[in-house]
Amino acid sequence: MQNYSQPHNRVRTIFFLHGAAFSSWVPHIPLVQERLGLGHDELGGILLAAAIGVLAVMPIAGRLSDRIGSELVVRYSGLAYFIAVGIPVFMQSYVSISVAMFALGFSGAFLDVAMNANGLNVERVKGRSIMSGLHGCWSLGGFAGAGIAAAWFALPFDNSYHLPVILSVFLIAHIIAQTKLLPDRDAIAILKENQETADHAATGNARTSGAQKDRPMFLMLLPFGVCAFIGQFGEGVITDWATVFMNSELSSGATMAAVGFAIYSCAMAATRLSGDALVMKFGRAPVLLTSSVLASLGTFIIALSPHYIVAWIGCGIAGTGLAVILPLLLSAASKATGKGGGAVVSIIAATGYSAIMAGPPIIGAIGQVAGLVTAFAITASFLALIIPVYLLTMRARLQFASNG
């Protein structure tokens, strides 16, 4: 059997770098808010610009990945992304930073869809679940980026040099890593060969699988997309507002807020790195339901925290709960439909990544009117809705997708 460890390791590196770059920007959000004198609603507005950038790219990213190859889209979108992440901190007006945030959302989503499409193709040719581990590498990168930012802020360095220095390193690493990704054309050829072998070995099972695949794709993927939206809504809120919450509501200061986000990222990384094993042992449904409970509980703890140290605990629990929701849904959707690459990512991840960018401005608006405590409590309640969605629509689909 052919060894796919090198493409697997390279796509892991791409996930790591994407997460590290994004989390390097997150601790700068409260600093940008203070420097420009932005209210919660105005901060939500510039985050909305990033959400619009994400929405603008979603209709084309998956199709382009399938058309020209996800490995090529990863290559060129990454070049734009690692430059775009560093631009917002240098903008001097509301309009200019909104434009910069649009560019960040656009380039980041392009790379995100393409690297997930490539990861799904690697998963399918390897024949075992790897998506949780890939997202674990993203979270590990998030932990590294946030940790470096916290250390930089604590030392007597000029904060304005942080992103240019660290993003230059990430850009060089991306250029090296993308050279050995699995080409889509190779994945398609391998899958066709494996399918022909499987058809000869198990004709009855193929007919059963085909009956599932013949159902309309939109209907097959709708419950997965709804759960992805709920989970990523919560992830977007924690990512963009947890540091602001700790800084403004709990008087943590920028350094302690960055530590809280680093704890959140570390919890996500640890859970995602073990997520594939958890799914294989307990099944997708128990892991999904437990994740919903933990995500909701952790967000409630953040909302009701009397001190930023208690909020750190909430960040850890929320990170554990949110960790495997999206990779589990991507992998299960690909299994249930027989589709991989951009076809699944463009639908499931599109709803998820729209939520991760749309959630923060919505919570900003709620926070401006009712306060951030109320906004976080509403987010916690929303995260619990994954449970009824599963009970009403997803039991048969997750059973068909088995444990990966």
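Criterion first (open to solvent by less than 20 Å² (accessible area, probe 1.4 Å) and part of a helix (DSSP H, G or I)) does Ala117 satisfy it?
Spelling it out, Ala117 is indeed open to solvent by less than 20 Å² (accessible area, probe 1.4 Å) and part of a helix (DSSP H, G or I).
Does Ile347 satisfy the condition of being part of a helix (DSSP H, G or I), open to solvent by 50 Å² or more (accessible area, probe 1.4 Å), at pLDDT below 90 and within 15 Å of Ala228 (Cβ to Cβ)? If you could, list the steps in order and put the result at the bottom.
Numbers: part of a helix (DSSP H, G or I): yes; open to solvent by 50 Å² or more (accessible area, probe 1.4 Å): yes; at pLDDT below 90: yes; within 15 Å of Ala228 (Cβ to Cβ): yes.
Yes, satisfied.
Just wondering, is there one or more residues in segment 173-181 that are at pLDDT 65 or above, surrounded by 15 or more Cβ atoms within 10 Å (Cβ to Cβ) and not in a helix (DSSP H, G or I)?
There is at least one residue in segment 173-181 that is at pLDDT 65 or above, surrounded by 15 or more Cβ atoms within 10 Å (Cβ to Cβ) and not in a helix (DSSP H, G or I).
Answer with yes or no whether Ile325 is within 25 Å of Asn9 (Cβ to Cβ), buried (at least 23 other Cβ atoms within 10 Å of the Cβ) and modelled with pLDDT of 90 or more.
yes
Among the residues of segment 1-37, what is the count of those that are in a loop (DSSP other than H, G, I, E, B) and modelled with pLDDT of 85 or more? I'd like the intermediate steps shown before the answer.
Taking segment 1-37 as the starting set, the residues that turn out to be in a loop (DSSP other than H, G, I, E, B) are 1-4, 37.
Okay, now just the ones that are also modelled with pLDDT of 85 or more, so 37.
Qualifying residue count, segment 1-37: 1.
Over 27 Å from Arg10 (Cβ atoms), open to solvent by 10 Å² or more (accessible area, probe 1.4 Å), of a type outside the set (Val, Ile, Thr) and in a helix (DSSP H, G or I) - does that describe any residue in segment 57-65?
The first filter runs over segment 57-65 and keeps only residues over 27 Å from Arg10 (Cβ atoms), leaving 59.
Those left that are additionally open to solvent by 10 Å² or more (accessible area, probe 1.4 Å): 59.
In the following step, the residues that additionally are of a type outside the set (Val, Ile, Thr) were identified as 59.
Those left that are additionally in a helix (DSSP H, G or I): 59.
Within segment 57-65, one or more residues are over 27 Å from Arg10 (Cβ atoms), open to solvent by 10 Å² or more (accessible area, probe 1.4 Å), of a type outside the set (Val, Ile, Thr) and in a helix (DSSP H, G or I).
Filtering segment 352-371 down to residues that are buried (at least 23 other Cβ atoms within 10 Å of the Cβ) and touching a His at 6+ places or on another chain (Cβ under 9 Å), which residue is farthest from Val57 (Cα to Cα)?
Residue satisfying both the conditions and the ranking: Gly367.
Would you call Gly127 open to solvent by 10 Å² or more (accessible area, probe 1.4 Å) and more than 21 Å from Ser334 (Cβ to Cβ)?
Considered against the rule, which asks whether it is open to solvent by 10 Å² or more (accessible area, probe 1.4 Å) and more than 21 Å from Ser334 (Cβ to Cβ), Gly127 comes out as no.
Quick one: what pairs do we get from segment 156-167, first residue loosely packed, with under 13 Cβ neighbours inside 10 Å, second of a type in the set (Val, Ile, Thr) and part of a helix (DSSP H, G or I), C-beta under 8 Å, 6+ apart or different chains?
Ser160/Val89
Does Ile238 satisfy the criteria of being in a helix (DSSP H, G or I) and either open to solvent by 20 Å² or more (accessible area, probe 1.4 Å) or at pLDDT below 80 (or both)?
Here the answer is no, as Ile238 does not meet what is asked.
Quick grid of which residues meet (1) touching a Cys at 6+ places or on another chain (Cβ under 9 Å); (2) in contact (Cβ under 8 Å) with a residue 12 or more places away in the chain; (3) over 18 Å from Ala117 (Cβ atoms):
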{"site": "His8", "(1), (2), (3)": "no, yes, no"}
{"site": "Gly19", "(1), (2), (3)": "yes, yes, no"}
{"site": "Val54", "(1), (2), (3)": "no, yes, no"}
{"site": "Gly62", "(1), (2), (3)": "no, yes, no"}
{"site": "Val85", "(1), (2), (3)": "no, yes, yes"}
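Please verify whether segment 40-55 includes one or more residues that are out of contact with any helix residue (DSSP H, G or I) (no Cβ under 7 Å at 6 or more places or on another chain), part of a helix (DSSP H, G or I) and either over 26 Å from Ser346 (Cα atoms) or open to solvent by less than 10 Å² (accessible area, probe 1.4 Å) (or both). Break it down into steps so the answer makes sense when it comes.
Quick first cut of segment 40-55, residues out of contact with any helix residue (DSSP H, G or I) (no Cβ under 7 Å at 6 or more places or on another chain) only: none.
Checked segment 40-55: no residue is out of contact with any helix residue (DSSP H, G or I) (no Cβ under 7 Å at 6 or more places or on another chain), part of a helix (DSSP H, G or I) and either over 26 Å from Ser346 (Cα atoms) or open to solvent by less than 10 Å² (accessible area, probe 1.4 Å) (or both).
Would you check if Ala109 is surrounded by 15 or more Cβ atoms within 10 Å (Cβ to Cβ) and modelled with pLDDT of 85 or more?
Yes, satisfied.
Filter segment 241-255 for residues that are part of a helix (DSSP H, G or I), closer than 18 Å to Phe153 by Cβ and not hydrophobic (A, V, I, L, M, F, W, C); which is least open to solvent (accessible area, probe 1.4 Å)?
Within segment 241-255, the match that is least open to solvent (accessible area, probe 1.4 Å) is Thr243.
With respect to Ile309, determine if the residue is over 18 Å from Ile378 (Cβ atoms) and surrounded by fewer than 23 Cβ atoms within 10 Å (Cβ to Cβ).
yes
Against the definition (farther than 30 Å from Leu43 by Cβ, free of Cβ contacts under 8 Å to residues at least 60 places away in the same chain, open to solvent by less than 50 Å² (accessible area, probe 1.4 Å) and β-branched (Val, Ile, Thr)), how does Val287 come out, yes or no?
Yes; evaluated as a whole, the condition is true for this residue.
Could you please find all residues in segment 361-402 being closer than 27 Å to Phe110 by Cβ and at pLDDT below 80?
Hits for segment 361-402: nothing passes.
The values are calculated or read from the model by the stated rules, or taken from the named source; none is laboratory data. Nothing here was measured: the structure is a model prediction, and the numbers come from that model. As a convention, Cβ positions derive from the backbone with ideal geometry for all residues, glycine included, and neighbour counts pool all protein chains shown. Accessible surface areas use protein heavy atoms only, side chains included; no ligands, DNA or RNA. Shrake-Rupley method; radii C 1.70, N 1.55, O 1.52, S 1.80 Å.
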